[in-house]
Every structure is written in structure tokens, then in C-alpha cells.
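Let me begin by presenting the structure, written as C-alpha cells, before commenting on it.
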Amino acid sequence: MTARSPFSARLRAFTKGFTMNARSLRRVIAASACTALIAGAGLLAASPASAHATVQMYGGKATAGGYGALWMRIPHGCDGSPTKRVTITVPASFESAKPQMIGGWKAKVVKRADGSRQLIWNATGDPLPDDQFVDFGVSVKWPAAEGKVELPTVQHCVKGKVAWIGDEVPTVEVGPASGGGH
């Protein structure tokens with residue numbers, strides 16, 4: 001007689017009444033565990049590459065001509081240096097863009113000759129430490145046209161800056177109009 005582990009006994013008790021036999025269930029559990037480990041390893045490997053400013057959408061989707069909000073996540077400082085200013089350029093295709101009031105930061109909007117707006121947040125006290133993040137909120141009227149919209153973002157630190165432009169520019173996908181208003 002072979003010795004069985006306590007796990008085997010629990011597994012047999014758990015599977016009692018299932019149409020799948022215990023051996024098949026063990027295979028499914030083993031395959032699921034392997035898949036989870038591989039997926040977890042992939043996320044860990046991808047983390048450094050994805051450590052850039054990203055657009056966060058909580059709740060509703062961006063719909064052409066509709067109203068909504070987005071948050072720009074600044075995930076870290078500049079090579080250890082804390083963040084003292086964040087500038088997001090909102091294209092002219094947005095009818096409106098209003099910065100969120102954030103404690104410890106003063107926001108202003110600068111309208112540019114090309115119709116775009118720069119939303120600028122300056123730290124009023126201590127800058128944002130390298131090991132912390134902030135989501136900078138923007139209330140918007142989405143562009144009337146569908147498609148991908150770029151939001152160039154510059155993070156100014158006590159020492160240095162990071163320009164989230166080019167291949168790393170944060171984007172938002174504006175979908176078809178929903179027919180709703182606010």
C-alpha cells in the first residue's frame with residue numbers, strides 16, 4: 001500500500017460528487033498552477049518595460065463627443081529624484097480639459113496658439129517621492145472623432161525630467177458616440 005499525502009485526502013474529499021474523477025482534476029489543477037506561474041513570471045519580466053506614464057480609465061469608456069475623465073498615472077520619479085511638476089498636453093480636438101485639484105499640488109491650464117492645452121501641476125510643498133505615485137485627473141469633453149489620441153506628458157523632477165513622448169506617449173482610445181450627454 002502506498003502512502004498518500006494529506007493533500008490527496010483533501011482532494012478526494014473535495015472531488016466527491018464531481019463527474020470529473022480525482023486524477024483528471026489533479027491534472028487540471030497542475031496545469032492551472034503551471035499557467036499561473038508562467039503568467040506571473042511574464043508580468044514580472046514586463047514590469048520594468050511598462051513603468052511609464054499611463055492613462056487610467058475608472059468606470060466609463062471614452063466616447064466621441066461625450067464627457068468623462070481620465071487620470072494620468074506617474075508611477076515613479078526620475079532615477080531616484082522626486083517629481084516636482086507634471087505637464088500633460090491635451091490636443092485641440094478636446095473641447096474642454098480641466099485639471100483635478102490635488103492636495104499638495106497647484107494646477108493651471110495654459111491655452112496654446114494651436115488650440116491645445118497644457119495642464120500643469122506644480123508641487124506646492126514636498127515633491128512626490130520616487131517610490132510613490134499619483135494619478136493626475138482630467139475632466140474632459142472627448143474629441144468628436146473616434147480613434148487613438150496621444151497625450152504627451154512631461155514629468156519634471158528635482159534632478160532631471162522624463163518626457164513621455166514618441167513610442168512611450170500615453171494614449172486613450174475614443175470609441176463611437178453613445179448618444180448620451182454628461
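Values quoted throughout were computed directly from the atomic coordinates according to the rules given, and no laboratory measurement underlies them. Everything quoted here is computed from the prediction, not taken from an experiment. Note that we place each Cβ from the backbone using ideal geometry, even for glycine, and neighbour counts take in every protein chain shown.
The table that follows gives values for the structure above.
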| read-out | value |
| --- | --- |
| Cβ-defined net charge surrounding residue 118, 10 Å radius [Lys, Arg +1; Asp, Glu -1] | +4 |
| Under 15 Å from the residue 108 label point (7 Å along Cα→beta-carbon), backbone N, region 59-85 | 85 |
| Percentage relative contact order, region 55-155, counting C-alpha pairs under 8 Å, at least six apart | 42 percent |
| Amide H contacts under 5 Å for residue 174, placed H, 5+ residues apart | 147, 148, 149 |
| Amide hydrogen neighbours beyond the local backbone of residue 116, cut-off 5 Å, H modeled | 92 |
| In sequence order, calculated HN-Hα J values of region 98-115 (Karplus, 6.51, -1.76, 1.60; Hz; x Gly/Pro) | 10, x, 6, 7, 10, x, x, 9, 10, 9, 8, 10, 10, 7, 9, 4, 7, x |
| Per-bin percent of Cα-Cα distances, region 102-182 [5 Å] | 3, 10, 18, 23, 19, 14, 8, 4, 1, 0 |
| Of 111/161; 106/161; 106/159; 61/161, pairs whose Cα-Cα distance is over 25 Å | 61/161 |
